[in-house]
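Q: Have a look at this one before I ask anything.
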Amino acid sequence: MTVLAGRIALVTGAASGIGLATAMRFAQEGATVLLADRNAAGLNDALARIAPGEHEAAVLDVTDEAAWTALAAKIMERFGRLDILFNNAGFGKFASIADTSLDQWRTVLAVNLDSVFLGTKSMLPLLAGSRAGSIINMSSIRGIAAAPNAGSYCAAKGGVRMFTKATALECAALGNKVRANSIHPGHIDTPLTAGAHADPQVARQLLADVPIGRIGHPNEIADAVVFLASDASRYMTGSELIVDGGSTAQ
Ligand code: NAD
């Protein structure tokens, strides 16, 4: 199956976890993948593992507007357009409101939410050059259902959810054939969550929150992102796709 044959795809946070799994699935489906991350060594490892193709790596800090502008110019020169943008890079900082400094709050908002705005703003002209542009923004079940000690993360991921809908409506009004959808994973086993999953007490609590009875694998998110990137989801825009083993159904 190569449902993304001929597509040019940009994945942020592609050196690890869900971003890496998705970059690899995109390549298997025939896309040419631009892997972006701030972790240069991780990007090299990722490039070595990905299915053959003209894939490229770009060191990018997703909070850096000038770096986004430079990357957009590079993609324009190299490919003349972009078909798929997966704004995935992010991280969580979990602390009570009392223990969260303004600096920590701003960092979480910058990496998880400002990044999505900057990526969308800089890449929209390139996506408008596609016959079927698709933006997939990484939110979380925490963008839908809150949790204690996760205020900044919930605010950022909730922001991603609504920004995605605003983007979808703006693109529809412009008639540029660009769709935008958000994805909302539950508990997924990645380097980001490895620490929590290694603590038996925390792992038990997390599992109790998942009706399906297990933590998810990054490939299970990657499969859903492939769907949102492909023509199979062509009537979906402004939607939120939850992939959480039933956590938010309770
Ligand atoms: P991960 O730590 O395995 O991968 C995140 C990648 O993003 C890393 O390669 C890291 O270098 C990169 N990154 C972080 N900050 C960056 C920056 N400023 N610029 C460029 N790259 C940066 O984590 P993951 O679990 O794969 O998470 C990916 C996304 O999925 C995040 O947005 C996270 O919030 C979201 N998410 C994860 C889970 C989960 O359970 N793992 C659940 C819901 C949502």
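None of the figures in this text is laboratory data; all of them are computed from the coordinates on show. Fair warning: this is a prediction, and the values are worked out from it, not measured in the lab. Every residue, glycine as well, gets a Cβ built from its backbone with ideal geometry; the counts of neighbours run over all protein chains shown.
Q: With n ≥ 4 as the cut-off for DSSP H runs, can you work out [θ] at 222 nm for the chain, using -39500 (n - 2.57) per run divided by the number of residues, rounded to the nearest 500? Write down the numbers at each step before the final one.
A: Values: 9 runs with 108 residues, N = 250.
Only helices count here, giving -13500 deg cm²/dmol.
Q: If we count every other residue with Cβ under 12 angstrom of ALA132's Cβ, Lys/Arg +1 and Asp/Glu -1, where does the sum land?
A: Details: positive: ARG7, ARG81, ARG131, LYS177, ARG179, ARG234; negative: ASP83, ASP231.
So the environment of ALA132 carries a net charge of +4.
Q: What size of dipole, in debye to the nearest 20, comes out for region 8-242 about its Cα centre when the only charges are +1 on Lys and Arg C-beta atoms and -1 on Asp and Glu C-beta atoms?
A: On the way: 19 positive and 21 negative charges, 95 e Å.
Approximately 460 debye in magnitude.
Q: What shape does region 124-250 take by its C-alpha gyration tensor, where a ≥ b ≥ c are the square roots of the eigenvalues and a/c under 1.5 counts as rounded, a/b above b/c as prolate, and the rest as oblate? Don't skip to the end; give the middle numbers.
A: Details: a/c = 2.59, a/b = 2.00, b/c = 1.29.
Verdict is prolate for region 124-250.
Q: Which shape class, rounded, prolate or oblate, goes with region 165-236 when its Cα gyration tensor gives a ≥ b ≥ c as root eigenvalues, a/c under 1.5 marks rounded, and past that a/b bigger than b/c marks prolate? Mind showing how you got there, number by number?
A: Details: a/c = 3.31, a/b = 2.81, b/c = 1.18.
Because a/c hits 1.5 or more and a/b exceeds b/c, region 165-236 counts as prolate.
Q: If the reach is capped at under 24 angstrom between alpha carbons, list the lysines near LYS177, excluding any in the same chain fewer than eight residues apart.
A: Output for LYS177: LYS74, LYS121, LYS165.
Q: Quick one: in region 8-242, what % of C-alpha pairs are over 30 Å apart?
A: Working: 5537 of 27495 pairs.
Of the Cα pairs, 20 percent sit more than 30 Å apart.
Q: In region 126-194, which trypsin sites (Lys or Arg not before Pro) are in a loop and have at most 13 other Cβ atoms within 10 Å, using DSSP for the loop call?
A: Values: sites: ARG131, ARG142, LYS157, ARG161, LYS165, LYS177, ARG179; in loops: ARG131, LYS177.
Listed in order of number, the matching sites are ARG131.
Q: Further, regarding this structure: By per-residue mean of other Cβ atoms within 10 Å, what is the highest-first order of 203-210, 134-141, 15-22, 3-10? Intermediate values should be presented prior to the final figure.
A: Details: 203-210: 13.9, 134-141: 27.4, 15-22: 25.2, 3-10: 20.6.
Per-residue Cβ counts within 10 Å, averaged per peptide and sorted highest first, yield 134-141, 15-22, 3-10, 203-210.
Q: Gaussian network model of the chain, Cα springs within a sub-10 Å range: biggest mean-square fluctuation belongs to which of GLY143, GLY13, GLY151?
A: GLY151
Q: Can you put SER247, SER233 in order, fewest other beta carbons within 10 Å first? Kindly include the intermediate steps, with their values, before the conclusion.
A: Numbers: SER247 21, SER233 18.
Arranged by neighbour count, lowest to highest, SER247, SER233 become SER233, SER247.
Q: Inverting the mean 1/r over all pairs of different Cα atoms, compute the Kirkwood radius of region 69-144 and quote it in Å.
A: On the way: mean 1/r = 0.0714 Å⁻¹.
Evaluated over region 69-144, this radius sits at 14.0 Å.
Q: Convert 37 °C to kelvin, take the viscosity as 0.692 mPa s, use the Kirkwood radius over C-alpha pairs of region 49-188 as Rh, and evaluate the Stokes-Einstein diffusion coefficient in µm²/s, rounded to a whole number. Don't skip to the answer; put the middle values down first.
A: Numbers: Rh = 15.9 Å.
Rounded, D is 206 µm²/s.
Q: What nm value, rounded to one decimal, do you get for the distance between ALA95 and THR248 when each label is placed 7 Å out toward the C-beta?
A: My value for the distance between the label points is 2.7 nm.
Q: Charges only on Cβ, +1 for Lys and Arg, -1 for Asp and Glu: so what's the dipole of region 125-250 about the Cα centre, in debye to the nearest 20? Kindly include the intermediate steps, with their values, before the conclusion.
A: Working: 10 positive and 9 negative charges, 72 e Å.
Computed charge dipole of region 125-250: roughly 340 debye.
Q: In the chain, what percentage of the DSSP-assigned beta bridges are antiparallel, given to the nearest 5? Mind showing how you got there, number by number?
A: Details: 0 of 27 bridges.
Among the beta bridges of the chain, antiparallel pairing accounts for roughly 0 percent.
Q: Follow-up. Relative to the longest principal axis of the chain, what angle (0 to 90°, nearest 10) does the C-alpha long axis of helix 65-79 take?
A: 40
Q: Still on this structure, please answer the following. Nearest 0.05, what FRET efficiency do ALA51 and ARG214 give at R0 = 35 Å with Cβ-Cβ as r? Kindly include the intermediate steps, with their values, before the conclusion.
A: Working: r = 27 Å, r/R0 = 0.78.
It comes to 0.80.
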